[in-house]
1. Within the stretch 45-62, does at least one residue satisfy the condition of being in contact with a helix residue (DSSP H, G or I) (Cβ under 8 Å, 6 or more places away or on another chain) and more than 26 Å from Lys195 (Cα to Cα)?
2. Considering only the stretch 214-229, I want to know if a residue exists there that is within 13 Å of Arg70 (Cβ to Cβ), out of contact with any Leu (no Cβ under 9 Å at 6 or more places or on another chain), modelled with pLDDT of 95 or more and part of a helix (DSSP H, G or I).
3. Does the stretch 228-238 include one or more residues that are in contact with a strand residue (DSSP E or B) (Cβ under 9 Å, 6 or more places away or on another chain), outside the structural domain of Arg127 (by TED's automatic domain parsing) and of a type in the set (A, V, I, L, M, F, W, C)?
4. Do you know which of the residues in the stretch 105-124 that are among the hydrophobic types (A, V, I, L, M, F, W, C) and touching a residue at least 60 places away in the same chain (Cβ under 8 Å) is surrounded by the fewest Cβ atoms within 10 Å (Cβ to Cβ)?
5. Grab the strands (runs of 3 or more DSSP E) fully contained in the stretch 1-104, keeping just those with 2 or more residues being surrounded by 15 or more Cβ atoms within 10 Å (Cβ to Cβ), at pLDDT 95 or above and of a type outside the set (A, V, I, L, M).
6. Restricting attention to the stretch 244-264, and to residues there that are in a loop (DSSP other than H, G, I, E, B) and of a type in the set (Asp, Glu), which single residue is farthest from Ala189 (Cα to Cα)?
7. Looking only at the stretch 164-200, count every residue that is more than 22 Å from the chain's Cα centre (by Cα), assigned to a strand (DSSP E or B) and in contact (Cβ under 8 Å) with a residue 60 or more places away in the chain and tell me the total.
8. Filter the stretch 247-264 down to residues that are of a type in the set (Gly, Ala, Ser), more than 16 Å from Ile67 (Cα to Cα) and either in contact (Cβ under 8 Å) with a residue 24 or more places away in the chain or surrounded by 13 or more Cβ atoms within 10 Å (Cβ to Cβ) (or both), then give me how many there are.
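The values are calculated or read from the model by the stated rules, or taken from the named source; none is laboratory data. Here the structure is a predicted model, which means the values were calculated and not measured. Note that we place each Cβ from the backbone using ideal geometry, even for glycine, and neighbour counts take in every protein chain shown.
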Amino acid sequence: MTLKTLALGAVAAITMAFATAAVAEGELELLVPGELSAATEGTYPPFSMRAPDGELDGLEIRVMKEIAHRLGLAYKPVLVKWESVLIGLEADQYDIVSVAMDITAERQEKVTFADGWLESGGRVVVRNDSDITGPADVKGKVVGALVASNWSKIAEELGAEVKVYKAESDAMQDLANGNVDAIITDAIAAAYAIKASSLPLKLVDEPVSAIQKGFAIKMGKPNLTKAVNKALAEMVADGTYAKLTSEIVGFDPAPKEPIRSILK
């Protein structure tokens with residue numbers, strides 16, 4: 001074998017190595033190879049919020065950061081407003097939506113959800129001295145809810161006069177101040193807010209819905225979806241998920257039977 005042949009072989013091997021690496025990086029259909037960009041609000045405790053040191057923290061932040069770590073990717077949070085989160089996903093502004101989003105049939109027509117990562121449900125929240133004891137009691141009452149959310153639709157269906165908010169914290173404070181009769185929101189978020197802020201509020205026992213939350217991915221990215229699902233399942237199985245989430249809400253909110261991804 002000549003030196004020229006050896007040299008050509010070495011070049012071919014190097015070229016093949018780079019090509020293989022490029023394919024591997026492209027397999028996850030990422031916008032930037034080696035990086036997982038995730039949309040988050042950063043203002044919806046306990047899902048996304050600021051820690052005392054100013055760093056992003058919360059249920060979705062911890063879980064998504066661990067998923068990125070297990071996939072060997074750099075985690076890049078992208079702060080977005082709730083009402084524009086799916087528009088940004090479609091416009092390729094980020095790879096995945098970690099915002100606490102309910103998995104619904106309507107949304108499944110527009111995006112691919114990774115397997116359900118958290119189970120919760122909607123609850124009516126009232127002041128401690130309220131005479132509202134169940135969802136039916138909000139009929140004719142002024143009820144606050146996050147704009148463009150399922151909670152506002154549920155409030156309307158229950159016959160309430162709906163007042164919408166851009167931030168969950170504003171709705172909670174308005175309720176505490178007596179400016180609305182109740183709010184409808186996620187049970188986990190409400191319980192955390194009441195505890196953290198010592199608000200004179202309580203959750204009505206009867207839920208208005210039972211839901212699972214999912215990470216939304218633009219359709220046509222099956223490899224990314226499968227990779228996220230695998231990392232998430234491994235986190236749950238080895239106890240990492242329970243450890244990360246229990247530190248914030250006091251229990252493990254992983255679904256016992258996750259809603260599975262629909263790949264189209």
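1. no
2. yes
3. There is at least one residue in the stretch 228-238 that is in contact with a strand residue (DSSP E or B) (Cβ under 9 Å, 6 or more places away or on another chain), outside the structural domain of Arg127 (by TED's automatic domain parsing) and of a type in the set (A, V, I, L, M, F, W, C).
4. If we take residues in the stretch 105-124 being among the hydrophobic types (A, V, I, L, M, F, W, C) and touching a residue at least 60 places away in the same chain (Cβ under 8 Å), then Val111 is surrounded by the fewest Cβ atoms within 10 Å (Cβ to Cβ).
5. 35-40, 74-79
6. Glu257
7. The qualifying residues number 0.
8. 1
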